[in-house]
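Working notes, beginning with the structure itself.
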Amino acid sequence: MATSPLDCADLRRRVSRAAEAFLARQRPRLLAVGPDLRPLADEISAFLLDGGKRLRPAFAYWGWRGAGGADCAEVVNAVTALEFVQACALVHDDVMDGSDTRRGHPAMHRRFEALHRESGWRGDAAAFGTAVAILVGDTCLIWADEMLNTSGLPAEALLRAQPVYDEMRTEIMAGQYLDVLTQATGDHSLERAMTVARYKSAKYTIERPLHFGAALAGAPPELTAAYSGYGLPLGEAFQLRDDVLGVFGDPAETGKPAGDDLREGKRTVLIAKTLERATPAQAALVERHLGDPHLSPDGVAAMRDVITSSGALAETEKIIEELTAQALSALQVEILDPEAADVLRDLAIAATSRRV
């Protein structure tokens, strides 16, 4: 019996195998340029293969299956392309946030910064690490296109999915810009926080992958609409859970130091709710500590206390519950394949509780 809905149809393993096979084909192309490309090939492979829940390929795959698409290796190849898009987003996000770790290991720019120092090369090690991480992210985005286009699915299926794929990638970049802008302007409004959550993560984590799978399968508009009714609120609930974990999560599970979102100055819904409810003294404490890269464990504890005592944490948990219920109700449509509906229900619970 599968321990996670991500393992239904043995999908997580199959996605990893598809990514591994693709990377094995790319490696000789990089090394043909010269042996200096070996660290780049090694680190890209390590990043893609040593972690990740394969959540976006799962939603795309079950979006395909829900529309009547048959299980096949070709569709697994196609949805695995989304893992390369995700790799690009994560590597670039870590650069923009100045994050030291990802999945419990040094972030990509820190890995190459260390390589520069250990090799005794000229110039600034941090700048080198940043430059290489940008190139790694760009390479992953290029390879995402290649993996999709060489997946083996019929050309007409790929043509149907292209507009969704294009829209998804544009929304990721737009959401990321809004995230950077919000940290720069200090906008702590709930409306801005929800907009960032929707475009930076919610849509491209669940709704767009579902649309992607549906388009590949030639789904009718009614099913695509049902996927939006499910995917958008669930994606927002997923991001809100991520916001909670960014403050209260266990580093052993999140792969990041406790309170890292606070040090990075993330203007999340959780923070917006806190400032909305806080006393003047509490709000001053939040504004003083938020975005402090040297925030101590005591400072993190003080911030957590304000978030909890203000009622913001409880209200955020309530919103997660309500959004998840809204998402589940959208699955009650006759045109959705019953097996896919069951898996999507399980994925909704797993994604918002992080039992994946």
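The values are calculated or read from the model by the stated rules, or taken from the named source; none is laboratory data. None of these values were measured; they are calculated from a predicted model. As a convention, Cβ positions derive from the backbone with ideal geometry for all residues, glycine included, and neighbour counts pool all protein chains shown.
Of a type outside the set (Phe, Trp, Tyr), in contact with a Lys or Arg (Cβ under 9 Å, 6 or more places away or on another chain), part of a helix (DSSP H, G or I) and surrounded by fewer than 24 Cβ atoms within 10 Å (Cβ to Cβ): does that describe residue 178?
Yes, satisfied.
Take the residues of the stretch 104-143 that are more than 14 Å from residue 43 (Cα to Cα) and assigned to a loop (DSSP other than H, G, I, E, B): which is nearest to the chain's Cα centre (by Cα)?
Per the stated criteria, the residue is 104.
Mind telling me which of the residues 89, 9, 81 ends up being under 30 Å from residue 184 (Cβ atoms) and of a type in the set (A, V, I, L, M, F, W, C)?
89
Could you grab me the full set of residues in the stretch 57-108 that are charged (D, E, K, R) and touching an Asp or Glu at 6+ places or on another chain (Cβ under 7 Å)?
Scanning the stretch 57-108 gives 65, 97, 102.
Hey, any hits in the stretch 3-17 for a residue that's β-branched (Val, Ile, Thr) and modelled with pLDDT under 95?
Scanning the stretch 3-17 turns up at least one residue that is β-branched (Val, Ile, Thr) and modelled with pLDDT under 95.
Would you point out the residue of the stretch 203-216, among those that are more than 15 Å from residue 76 (Cα to Cα) and without any contact (Cβ under 8 Å) to a residue 60 or more places away in the chain, that is surrounded by the fewest Cβ atoms within 10 Å (Cβ to Cβ)?
203
Mind listing whichever residues of the stretch 56-92 are over 25 Å from residue 135 (Cβ atoms), assigned to a helix (DSSP H, G or I) and not aliphatic (A, V, I, L, M)?
59, 61, 62, 63, 64, 65, 66, 74
Mind listing just one residue for me: the one in the stretch 4-51 that is touching a residue at least 12 places away in the same chain (Cβ under 8 Å) and not in a helix (DSSP H, G or I) and, of those, farthest from residue 112 (Cα to Cα)?
Result: 4.
Can you name every residue in the stretch 185-217 that is small (Gly, Ala, Ser) and touching a helix residue (DSSP H, G or I) at 6+ places or on another chain (Cβ under 6 Å)?
Selection gives 193, 197, 201, 202, 213, 214, 215, 217.
Within the stretch 275-310, count every residue that is more than 26 Å from the chain's Cα centre (by Cα) and assigned to a loop (DSSP other than H, G, I, E, B).
Looking only at that region, the number is 4.
Listed residues 146, 167; which is part of a helix (DSSP H, G or I), within 30 Å of residue 73 (Cα to Cα) and in contact with a Lys or Arg (Cβ under 9 Å, 6 or more places away or on another chain)?
Step by step, each of 146, 167 is checked, and only 167 is part of a helix (DSSP H, G or I), within 30 Å of residue 73 (Cα to Cα) and in contact with a Lys or Arg (Cβ under 9 Å, 6 or more places away or on another chain).
So residue 99 passes all but one of these: (1) within 14 Å of residue 49 (Cα to Cα); (2) not in a helix (DSSP H, G or I). Which condition number does it fail?
(1)
Would you check if residue 19 is within 29 Å of residue 239 (Cβ to Cβ) and of a type in the set (A, V, I, L, M)?
Taking the combined requirement at face value, the residue satisfies it.
Which of (1) assigned to a helix (DSSP H, G or I); (2) within 18 Å of residue 68 (Cα to Cα); (3) in contact (Cβ under 8 Å) with a residue 60 or more places away in the chain does residue 219 not meet, given it meets every other one?
Every listed condition holds for residue 219 apart from (1).
For residue 50, which of the numbered conditions (1) under 17 Å from the mean Cα position of the chain (by Cα); (2) at pLDDT 95 or above fails to hold?
(2)
What about residue 54, is it closer than 30 Å to residue 183 by Cα, of a type in the set (Lys, Arg) and surrounded by 19 or more Cβ atoms within 10 Å (Cβ to Cβ)?
yes
Being in contact with a helix residue (DSSP H, G or I) (Cβ under 8 Å, 6 or more places away or on another chain) and within 22 Å of residue 158 (Cβ to Cβ), is that true of even one residue in the stretch 231-252?
yes
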